[in-house]
Every structure is written in C-alpha cells, then in structure tokens.
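Notes to accompany the following structure.
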Amino acid sequence: MRKCDLPEFLKGVVSEAKYERWLHRKAMAHVRRDRKWGNGSAGNDNYKLAIHEAVRDSKGLDTYTREAIGLVSDKHIRQRRLQQRSKRLQETVRLAAYG
C-alpha cells in the first residue's frame, strides 16, 4: 500500500512516521479482531485506507460532538492526572510522617 499523506490538520503536530505507525497499529487491531471473529480475509491495507480516509474527512473534528480531536486519549490524560495526584499524596504523607 502506498504511504498515506498526512492530513492537513495534523501537519506540524505529528510526524508522518508517527502517523503511519499509529495508522498501522489501528488497522492491525481491526484485522486481529476480524480474524478472531472468523473473517480470514480481513486485510491490513483495506483497514488502513478506510481509517485514513475517516481521519482525513473528519478535518480534526469529532463526528458527534464536532469538538477538536485530542491527540492524547482521555485514558492517558486520566492516568497522568492520577499519577500526579498520587505523587502529591505520597509527598504529603512523607511530610506528615517525618516532619
């Protein structure tokens, strides 16, 4: 499959290599799922193209809310906040225990 061009709204935000890697991982996840469900003909190239077209057509906006698509998932944001909160709590406990 030919390399997919980086969508306009992602230029200057992520590199083409990073986008290609992301696209490949997303397509492979769908292929694995479909093969698990018994579709042995599921192909990575078809999924890559479909996902790329959907990303390009979105113009960086969520389909349902029309809000800008974040480059970091909500899960990662929550994990980062929990880690930061945990570090602050550990520091508070340490200060309380040792003076």
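A single member of 36, 18, 26, 48 is touching a residue at least 40 places away in the same chain (Cβ under 8 Å) and not hydrophobic (A, V, I, L, M, F, W, C), and it is 48. Within segment 15-42, the residues that satisfy the criterion of being within 17 Å of residue 3 (Cβ to Cβ), touching a helix residue (DSSP H, G or I) at 6+ places or on another chain (Cβ under 8 Å) and not charged (D, E, K, R) are 19, 23, 24, 27, 28.
Of everything in segment 58-82 that is surrounded by 10 or more Cβ atoms within 10 Å (Cβ to Cβ) and assigned to a helix (DSSP H, G or I), the residue that is modelled with the highest pLDDT is 58. Tell me, please, whether a residue that is at pLDDT below 85, of a type outside the set (Ser, Thr, Tyr) and assigned to a loop (DSSP other than H, G, I, E, B) can be found in segment 17-38. No. Within segment 7-49, restricting attention to residues that are aliphatic (A, V, I, L, M) and more than 18 Å from residue 69 (Cα to Cα), the residue that is farthest from the chain's Cα centre (by Cα) is 42. Within segment 27-36, track down each residue that is surrounded by fewer than 15 Cβ atoms within 10 Å (Cβ to Cβ) and farther than 11 Å from residue 46 by Cα. 29, 32, 33, 35, 36 - these are the residues of segment 27-36 that are surrounded by fewer than 15 Cβ atoms within 10 Å (Cβ to Cβ) and farther than 11 Å from residue 46 by Cα.
The values are calculated or read from the model by the stated rules, or taken from the named source; none is laboratory data. In this text the structure is predicted, and so the values were computed from the model without any measurement. Cβ sites come from the backbone with ideal geometry, for glycine too, and all protein chains shown count toward neighbours.
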